[in-house]
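Here's the structure we're looking at; comments come further down.
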Amino acid sequence: MSSLVFSRLAPTPSGYLHFGNAFNFLLTRLLVDYQRGHLHLRIDDLDGPRVERSSVEDIFVQLEWLGIDYDSGPSGPDELYSKFSQQLRKERYHESLELLHKSGHLFACECSRSEIRQLSLNRNYPGTCRDKKLNLLNENQPWRVRVPEQTFVSFKTFTNKIEKIDVSQEMGDFVIKRRDGLPAYQLASIIDDLELGVNLVIRGQDLRASTGAQLFLAKCLNDSTFPAIRFVHHFLQNDDSGDKLSKTKGAHSLKMLKSKHRKPTWIYQETAKSLNLPFQEIRTLDDLKETFQSAMVLKDGQIKLLDRMN
């Protein structure tokens, strides 16, 4: 893996971007700039039926409004569809699915979501179909990855600490191919990251379990590079009631904030506040970058900034 830091923004166009997305994008840009790295825009549009062009367009509009540039990836919706869409990579994902199938890691499942909710003790799949030996070629049934008990994986944090995740507890036997035949997020994400050469992933704490699932998939695929990736799992941005911001609820959409505030100064200041940085004098993205860089120069400052992450 190259010594150059290579990270990505990976929005899903399932609704308008919100402040939580902006925080993730800004933190990613700040960390990549701190290490003079490369930032790629990857749009996770594999879920075709849920992807609306207006949501795709919103990604580019809000990135421009926030002043966040990137070094590679689509310049707009047309280039996304013609060159970068995950829809163009389905064959590659299915090749990996076939490898997992042949290696015996997968099983078919006929359980409905309501059945899983009723039977599960910890919201994970309870293993109902694991030993039924259902035909994997039957239509309209998901494939799951068999995750043995006490399956631990390790990852590096931004400050090179080693942390562990028990995938069997955090995820259980997770879906790798959906009922509609599409490869699941966990597979598409790791394949894209591997082929891009990503070595730094910044994501919310709600995706920590996904990190574990993807590290486990790397083992199943006999890949030795994914475990070398460093991960930052940042705290989530919540709404006034304490719930995680969600595109499906239209919460704090950047489109709405843009019409209210005109300039993204408020977002830069809120991002600085979330990172425990002085924010009163921040007006521009350059101001935020300078404040962040000053804090990161000191080793203790790095740890203080990242101590609530991972």
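Values quoted throughout were computed directly from the atomic coordinates according to the rules given, and no laboratory measurement underlies them. Just so you know, these numbers come straight off a predicted model, no measurement behind them. Cβ atoms come from the backbone with ideal geometry, glycine included; neighbour counts cover every protein chain shown.
A few notes on this one:
- Greater than 21 Å apart at Cα, pairs in 161/304; 273/304; 133/164; 263/304; 102/177; 164/219: 133/164; 263/304
- Among 135-142, 165-172, the order from most to least packed when residues are scored by Cβ within 10 Å on average: 165-172, 135-142
- Between the helical axis of 265-274 and the longest alpha-carbon principal axis of the chain there is an angle of about 70 degrees.
- In this entry, region 6-306 is assigned a mean projected area of 16.2 nm², taken as a quarter of its C-alpha convex hull surface.
- Fluctuation leader among 179, 123, 29 - the chain, Gaussian network, Cα springs under 10 angstrom: 123
- Check: the chain dipole with +1 on Lys, Arg Cβ and -1 on Asp, Glu Cβ, in debye: 460 debye
- On Cα atoms only, tilt of 53-66 relative to the major axis of the chain in degrees: 30 degrees
- Backbone phi angles across region 190-206, fed through the Karplus curve with coefficients 6.51, -1.76 and 1.60 (θ = phi - 60°), yield HN-Hα couplings of 5, 5, 5, 5, 5, 6, 7, x, 5, 10, 9, 10, 10, 9, x, 4, 5 Hz in residue order; Gly and Pro are listed as x.
- Here's how it looks for residue 200: its modeled amide H is under 5 Å from those of 6, 230, which are all 5 or more places away or on a different chain.
- Each residue, residue 121 and residue 98, gets one label point 7 Å from its Cα in the Cβ direction; the gap between the two is 4.0 nm.
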